[in-house]
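Have a look at the structure below, then the notes.
The values are calculated or read from the model by the stated rules, or taken from the named source; none is laboratory data. Note that the structure is a prediction, hence the values are computed from the model and not measured. Neighbour counts run over all protein chains shown; Cβ positions are idealised from the backbone, glycine included.
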Amino acid sequence: MRRKEPLTAREWRLLGEFHGELIGGRVTLTPPASRAHQTVLRNLFLGIQAALPQGTGEVFFAPFDLHLGTEDIFQPDLMVITDTRMIRDDGVYGAPALVVEVLSQDEGRTLEHKKGVYEAAGVPEFWIVAPAKRWLVQRLLTGGRHVASERLGPGDAVESPLGFRLALNRIFC
C-alpha cells in the first residue's frame, strides 16, 4: 500500500530500527554499502577520529539518526557533534559541526534534497565523497549558503574549520 501523505518524525520512530532515512517525508531504504564505500568510510572515520583535536567533539557513523525537522531524518555516513546536548539514545537532534556523505549509486535526487536541508539547518561543514571517482568536495556554510570547494583527490588535503587537516591519500588507498 502506498501512502500519499508524508510521514512525520513520530511515525518514523514507530517503524523501529532499520537502515533507511526519512527524506522529505518519504521513507527511503538504504541498500548495503559496497566494499569501496565501506573502505573509504572506515578510513574517513579513523582519519577524522585521529586528527580531531581532543575535546572538540564526537564522531558518529551510520546508522545513527540525524533529526533535522519533522520530515527529514537522515543517516549520514559520518557526523562530528560538538554540542553533546544534541545527542540522545535515538540519534542527534540539530545541526552537526560536520556531516560526511559517502556516495553510492543512484543518490542524485536524495543528495540534492539533503544539501538543501543541511544548508537550511545551518550545518557549517558538509563533505561529499565519491569513492569510485576518488574525490571529495567540502561545502562550508558562508552567509547562510554552502560554498563548495574544488574537487579534492589523492595528493590533496582537506582542512576543516574544526581544527584538523586530513590527507586524502590516506582515504583513497
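Below, the figures for the structure above:
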{"item": "Residue list for region 36-69, filter: touching an Asp or Glu at 6+ places or on another chain (Cβ under 7 Å) and modelled with pLDDT of 95 or more", "result": "L41"}
{"item": "Residues within region 127-150 that are within 17 Å of A36 (Cβ to Cβ) and among the basic types (K, R), tallied", "result": "2"}
{"item": "Residue in region 121-164 that is surrounded by the fewest Cβ atoms within 10 Å (Cβ to Cβ), counting only those that are among the aliphatic types (A, V, I, L, M) and touching a residue at least 40 places away in the same chain (Cβ under 8 Å)", "result": "A132"}
{"item": "Qualifying residues in region 101-137 (those that are out of contact with any strand residue (DSSP E or B) (no Cβ under 9 Å at 6 or more places or on another chain) and of a type in the set (S, T, N, Q)) - the one modelled with the highest pLDDT", "result": "S104"}
{"item": "One residue from L98, L111, L68 being free of Cβ contacts under 8 Å to residues at least 40 places away in the same chain and out of contact with any His (no Cβ under 9 Å at 6 or more places or on another chain)", "result": "L111"}
{"item": "Verdict on L140 being assigned to a strand (DSSP E or B), modelled with pLDDT of 95 or more, within 25 Å of G55 (Cβ to Cβ) and in contact with a Ser or Thr (Cβ under 8 Å, 6 or more places away or on another chain)", "result": "yes"}
{"item": "Every pair of residues 6+ apart whose Cβ atoms lie under 7 Å, when the first sits in region 26-53 and is among the polar types (S, T, N, Q) while the second is assigned to a helix (DSSP H, G or I) and surrounded by 14 or more Cβ atoms within 10 Å (Cβ to Cβ)", "result": "T28/T110; N43/R170"}
{"item": "Any hit, region 80-87, residues being of a type outside the set (F, W, Y), at pLDDT 95 or above and within 24 Å of L7 (Cα to Cα)", "result": "yes"}
